[in-house]
Amino acid sequence: MSALWYFEDVNLFKILCPHRYKDYKQEHCLSVYKKKDYIYFEEDAASKLYLIDKGKVKLGYYTEEGEEVIKAILSKGEIFGEKAILGIDTRNEFAQSIDNTTVVCPVSTETMHSLMRKNVSLSFKIYKFIGIRIKKLERRLQLLLFKDTRTRLLEFFKELCEDYGHECEKTGDQIIEHPYTQKDIATLIGTSRPTLNTLMNELKQEKMIDFNRKEIRLLKKVA
C-alpha cells in the first residue's frame, strides 16, 4: 500500500512543486534548514505550505505548562502547513527540522490556489489529504491522552501498516518498511526510547512482532 500522502500512486510533491511549472519556476526557490532550526512557530502568519525535498520535519505545540506535544514527524515527499489553503491565517503548531540538513519547497497560498484552479483532480486530492490528516492527528492525540503506552504502540503499528505496510505472500504477516528511527517512534507515542525498546522486545518475545532497523513485521495473528 502506498504511503498516506500519496494518492493513487501519485507523489504530491512531484505534482505541486512550482519548479515543475514554467510560469512559477523563476520566482521559486528551495529553503535549507539545519537540525533544530524552526521553519515556523505557533502564532506565525500562515501564508505558505511546504513540501519536503530532503530530511525530516517535526510538527508540534506546547501546552500551557510548557510541555512539548509532537503531532507528526514527516519525511521526504510529504506536505505540511497545508491548513493555510483553507484560509486559516495563523499557525497553531510549530515546524522544526530534525535532520542535519532539511530542504523544503515553500509554496505560497496564491500559487497553490492557482495550481489547484487549473487542475480539479489535484484540488480534490489535496482536500482529501487534509481531511485524512486531520482525522489521523485527532486520533493520535486521543491515544496520547487516554491510552497506556503499550496500547499506543500497538495502535501506532496499525497506523504504520496502513501507510507503509504490505502483506508477505508466504506467511501472511504484515511487513512495514518505514522511515522512522526508534527515537522518532518514541516521540510520536509519547514515551522514552528505553521504554519503547523494552515494549518492543516484550512484544517480540510474545511473538506479536519482529523487527530490525528499517522494518517491523506484524505477525499474522496480530495483523
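Would it be correct to say that Y38 is modelled with pLDDT of 90 or more, within 19 Å of the chain's Cα centre (by Cα) and exposed (fewer than 15 other Cβ atoms within 10 Å of the Cβ)? Walk me through how you get there before you give the answer.
Details: modelled with pLDDT of 90 or more: yes; within 19 Å of the chain's Cα centre (by Cα): yes; exposed (fewer than 15 other Cβ atoms within 10 Å of the Cβ): yes.
For Y38, the condition - modelled with pLDDT of 90 or more, within 19 Å of the chain's Cα centre (by Cα) and exposed (fewer than 15 other Cβ atoms within 10 Å of the Cβ) - is met.
Of all the strands (runs of 3 or more DSSP E) wholly in region 167-223, which have at least 1 residues that are polar (S, T, N, Q)?
On the way: elements: 174-177, 209-211, 215-218.
The qualifying strands (runs of 3 or more DSSP E) are 174-177.
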How many of the residues in region 62-79 are in a loop (DSSP other than H, G, I, E, B) and surrounded by fewer than 18 Cβ atoms within 10 Å (Cβ to Cβ)?
-> 7
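Every residue, every condition in (1) at pLDDT 85 or above; (2) β-branched (V, I, T); (3) in a loop (DSSP other than H, G, I, E, B); (4) open to solvent by 60 Å² or more (accessible area, probe 1.4 Å), yes or no:
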position: K14; (1), (2), (3), (4): no, no, no, yes
position: E43; (1), (2), (3), (4): yes, no, yes, yes
position: D53; (1), (2), (3), (4): yes, no, no, no
position: G60; (1), (2), (3), (4): yes, no, no, no
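Determine which member of the set L145, L137, L160, L153 is open to solvent by 50 Å² or more (accessible area, probe 1.4 Å) and either under 23 Å from V69 (Cβ atoms) or assigned to a helix (DSSP H, G or I) (or both). Give the derivation first.
Numbers: L137 fails: open to solvent by 50 Å² or more (accessible area, probe 1.4 Å); L160 fails: open to solvent by 50 Å² or more (accessible area, probe 1.4 Å); L153 fails: open to solvent by 50 Å² or more (accessible area, probe 1.4 Å).
Exactly one of L145, L137, L160, L153 is open to solvent by 50 Å² or more (accessible area, probe 1.4 Å) and either under 23 Å from V69 (Cβ atoms) or assigned to a helix (DSSP H, G or I) (or both), namely L145.
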If V57 satisfies every condition in (1) within 24 Å of E159 (Cα to Cα); (2) without any contact (Cβ under 8 Å) to a residue 24 or more places away in the chain; (3) among the β-branched types (V, I, T) but one, which is the exception?
-> (2)
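Please find, among R152, R193, R117, the residue that is among the charged types (D, E, K, R) and in contact (Cβ under 8 Å) with a residue 12 or more places away in the chain. Reasoning before the result, please.
Working: R193 fails: in contact (Cβ under 8 Å) with a residue 12 or more places away in the chain; R117 fails: in contact (Cβ under 8 Å) with a residue 12 or more places away in the chain.
Of the residues listed, the single one that is among the charged types (D, E, K, R) and in contact (Cβ under 8 Å) with a residue 12 or more places away in the chain is R152.
Has region 80-95 got at least one residue that is outside any helix (DSSP H, G or I), crowded, with 18+ Cβ neighbours inside 10 Å, modelled with pLDDT of 90 or more and small (G, A, S)?
Start the filter on region 80-95 by keeping residues that are outside any helix (DSSP H, G or I), which leaves 80-81, 87-95.
Next, only the ones that are crowded, with 18+ Cβ neighbours inside 10 Å stay: 80-81, 91, 93-95.
Of the ones still in play, those that are also modelled with pLDDT of 90 or more are 80-81, 91, 93-95.
Within this subset, residues satisfying the condition of being small (G, A, S) are 81, 95.
Yes, region 80-95 has at least one match.
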Considering region 147-178 alone, what residues qualify as being of a type in the set (S, T, N, Q) and either within 12 Å of I216 (Cα to Cα) or modelled with pLDDT under 90 (or both)?
-> T171, Q174
Please tell me if G131 is of a type outside the set (D, E, K, R) and open to solvent by 10 Å² or more (accessible area, probe 1.4 Å).
-> yes
Lone unmet requirement of (1) touching a strand residue (DSSP E or B) at 6+ places or on another chain (Cβ under 7 Å); (2) more than 16 Å from I73 (Cα to Cα) for D184 | (2)
Across region 172-223, what is the number of residues that are closer than 27 Å to E68 by Cα, touching a His at 6+ places or on another chain (Cβ under 9 Å) and open to solvent by 70 Å² or more (accessible area, probe 1.4 Å)?
-> 1
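State yes or no: is T109 modelled with pLDDT of 85 or more, within 30 Å of L30 (Cβ to Cβ), in contact with a strand residue (DSSP E or B) (Cβ under 6 Å, 6 or more places away or on another chain) and open to solvent by less than 40 Å² (accessible area, probe 1.4 Å)?
Details: modelled with pLDDT of 85 or more: yes; within 30 Å of L30 (Cβ to Cβ): yes; in contact with a strand residue (DSSP E or B) (Cβ under 6 Å, 6 or more places away or on another chain): no; open to solvent by less than 40 Å² (accessible area, probe 1.4 Å): yes.
So T109 does not fit the description; no.
The values are calculated or read from the model by the stated rules, or taken from the named source; none is laboratory data. Being a predicted model, the structure only gives us computed values, none of them experimental. Neighbour counts are summed over all protein chains in view; Cβ atoms, including those assigned to glycine, are modelled from backbone coordinates with ideal geometry. Quick note on the areas: whole protein, heavy atoms, side chains included, nothing else; ligands and nucleic acids left out. Shrake-Rupley method; radii C 1.70, N 1.55, O 1.52, S 1.80 Å.
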